[in-house]
Amino acid sequence: MKTMTILLYVFMSVMNIGIVSAFYEWMPLSRREEAFFGVPVGPGFYSGEGRHLLRRYRLWLVAMLIAVEAASLSVSIYLDGLPSVVFMRMASSLAVTAAAFFIYVIFSRRVQPFEVKEEKRAVASSLRLRRLSDYTNITLEVIVSVLTIAPIALLIYYYPVLPDRIPAHFDSRGEMVWEAKSFTSIFSLSVLAIYLQGFFLLFKYAMLKATMTLPAERAEEYLDCKEESLRLTARFLDHFRFGIIVLLSLVSMEVFFRTVERVQTIIISSIAFSIVAGIAGLLLLNRYMNRWATIDRRLREVAGKTYVQRQVARWRIGRLVYYNREDPAVFVETPVGPGLTLNLARLRAWVCLAYWAALPLLVIWILRIV
Amino acid sequence: MLIRVDTDDRRPIYQQIVDEIKALIAGGRLREGATLPPVRQLAADLGVNLNTVATAYRELQNEGLIAVRHGSGAVVASRTLNEKTEGELRKPLRAALTQLVLSDIPRAEIMKIVADELRGLLKGAK
């Protein structure tokens, strides 16, 4: 394996470890003592013995992730070749995530004996019907639709005049790889763009249809905060979809920019635009995260919590998996993590899971490994 | 516009839901034509069985207060209960007043409680 490829692989391993460990370090603390590793604990435990447990958890987490990535790199060097590197990269991403999940579940079980049972049984619900249309910006949807369809239309129109061999991607030596013109080589990124729009729209729908159990006391104020959080997250998902479609539209058009002479000058401006869009995206993400943190603080001031515990006995595997046949909800607020999960007792949950799980298969198809 | 249920309350959950929605209709906060969430959404939010909410909606529909539309929730149809005799209407009031008397609350206090509750209920009503 070339030195550049090894260095790139190491860089991606470090990024992978960084992202996964940051996420799994945030998870036990996302709701503080309300759901420390998904378990409600007392403030004494949270700031006392819980901290020792957290330190051990972090050590195990980082050690396990480094071990998995090191093993993956060793196998890649032994196998050599770009396809095996890509496969090992994907396999190690999955292995790292699985390892982090495993460590999290072990430590969650260690916290469970310290659970504080909630005594109050009164809950409230808003009678407001939550519709996707109420959280939809029509102008943005029109722009996203145009940006999705326009590249496909242009590529279809110019397909006959594109050369028989087109630039596809860069190889491990940094050289351009040329491929025969085909549906996959021309339209794969457009297909990915459409899929990702559905991916995030489904996520937005899930968020709006997720259970919203309110505490009986100060329910109106709690609801106001939750509603604000919903609107903020819906806007974030819309902006994220917009960013994704801009990026994928430009990249999917690259074959067109590189091969049709009169538009080759657009390449430089599209690269510059992508860089600017990336920086703007990071700044916007930072702004959103600050707003979410502010809402969480207000929820704690109003109700002393950001989450209403329910159906504790139906949570499994470190309070990350929810299975409850008696609960009609498909999407449920979680004690930890991103705040949303699926009720695996419902068929619709598996349909959503199947759609989301298709992403790796799509990536494999696009990379044309199989 | 919220409804509250309490598992420690003696009343069945479906009855609590019925009473809460009736109070919102009587108080004018749920007007004719207002939409109620689907059975599934309300049951999910409250963490109760689908049948519990379905029973509540059915009772409200039988009393002429709401019209249920399958798959898309229910609509407030009327602010007036289906015809009931005065005798039927007095029964729950008599039961509630009996509880207050047996709690050794003075008559004047009972009158004040009744007036306060009525005022609170009709605050938003036309």
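Computed from the coordinates by the stated procedures, all read-outs in this text should not be read as laboratory data. Worth saying up front: this structure is predicted, and the values here are computed from it rather than measured. All Cβ positions, even for glycine, are placed from backbone atoms using ideal geometry, and neighbour counts span all protein chains on display.
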| Anyone know which of A:276, A:20, A:330 comes out most mobile in the 10 Å Cα GNM of chain A? | A:276
| field | Cross-link pairs A:204/A:226; A:226/B:123; A:204/B:22; B:22/B:123 - those with Cα-Cα distance over 24 Å | value | A:226/B:123; A:204/B:22
| task | Considering the options A:86, A:76, A:47, tell which one lies farthest towards the positive end of the dipole of the range A:1-110, charges being +1 on Lys and Arg and -1 on Asp and Glu at the Cβ, about the Cα centre. | result | A:47
| note | Summing -39500 (n - 2.57) over every DSSP H run of at least 4 in chain B, dividing by its residue total and rounding to the nearest 500, the 222 nm mean residue ellipticity is -17000 deg cm²/dmol
| remark: Partner shielding of A:126-136, as the mean number of partner chain Cβ atoms within 10 Å, equals 4
| request: First measure r as the distance between the Cβ atoms of residue A:59 and residue A:348, then evaluate 1/(1 + (r/R0)^6) with R0 = 35 Å and state the FRET efficiency to the nearest 0.05. | output: 0.30
| query | Are there GluC sites (Glu not before Pro) in the range B:38-126 that DSSP puts in a loop and that have at most 16 other Cβ atoms within 10 Å, and which ones? | reply | B:63, B:83
| Counting other Cβ atoms within 10 Å of each Cβ, which trypsin sites (Lys or Arg not before Pro) in the range A:271-370 have at most 10 and sit in a DSSP loop? | A:325
| said: At 222 nm, what value in deg cm²/dmol follows for chain A if DSSP H runs of at least 4 each add -39500 (n - 2.57) and the sum is divided by all its residues, to the nearest 500? | reply: -22500 deg cm²/dmol
| task | Using R₀ = 25 Å, calculate the FRET efficiency as 1/(1 + (r/R₀)^6) where r is the Cβ-Cβ separation of residue B:109 and residue B:80; round to 0.05. | result | 0.20
| Cut-off under 5 Å, modelled amide H: who pairs with residue A:181 long-range | A:165, A:166
| field | From phi via Karplus (6.51, -1.76, 1.60), per-residue ³J(HN,Hα) for the range B:18-25 in Hz, x at Gly/Pro | value | 4, 5, 5, 5, 4, 5, 5, 5
| query | Which percent, to the nearest 5, of DSSP beta bridges fully inside the protein assembly as shown are antiparallel? | reply | 95 percent
| query | Which of B:113, B:21, B:105 moves most in a GNM of chain B, Cα contacts under 10 Å? | reply | B:105
| query | Based on Cβ point charges of +1 for Lys and Arg and -1 for Asp and Glu, what charge dipole magnitude is obtained for the protein assembly as shown about its Cα centre, in debye rounded to the nearest 20? | reply | 360 debye
| Length gained when the stretch residue A:276-residue A:91 is fully extended (0.36 nm per residue, less Cα-Cα span) | 63.4 nm
| So what are the ³J(HN,Hα) numbers for the range A:27-40, from phi and the Karplus equation (6.51, -1.76, 1.60; θ = phi - 60°), rounded to whole Hz, Gly and Pro as x? | 4, x, 9, 4, 10, 6, 6, 4, 8, 6, 6, x, 10, x
| request: Describe numerically, in nm with one decimal, the distance between label points set 7 Å from Cα along Cα→Cβ at residue A:291 and at residue A:23. | output: 2.3 nm
| request: Take the alpha carbon gyration tensor of chain B, find the square roots of its eigenvalues, order them as a ≥ b ≥ c, and report rounded if a/c is under 1.5; if not, report prolate when a/b exceeds b/c, else oblate. | output: prolate
| task | Identify which of A:237, A:59, A:196 has the largest mean-square fluctuation in a Gaussian network model of chain A, with springs joining Cα atoms closer than 10 Å. | result | A:59
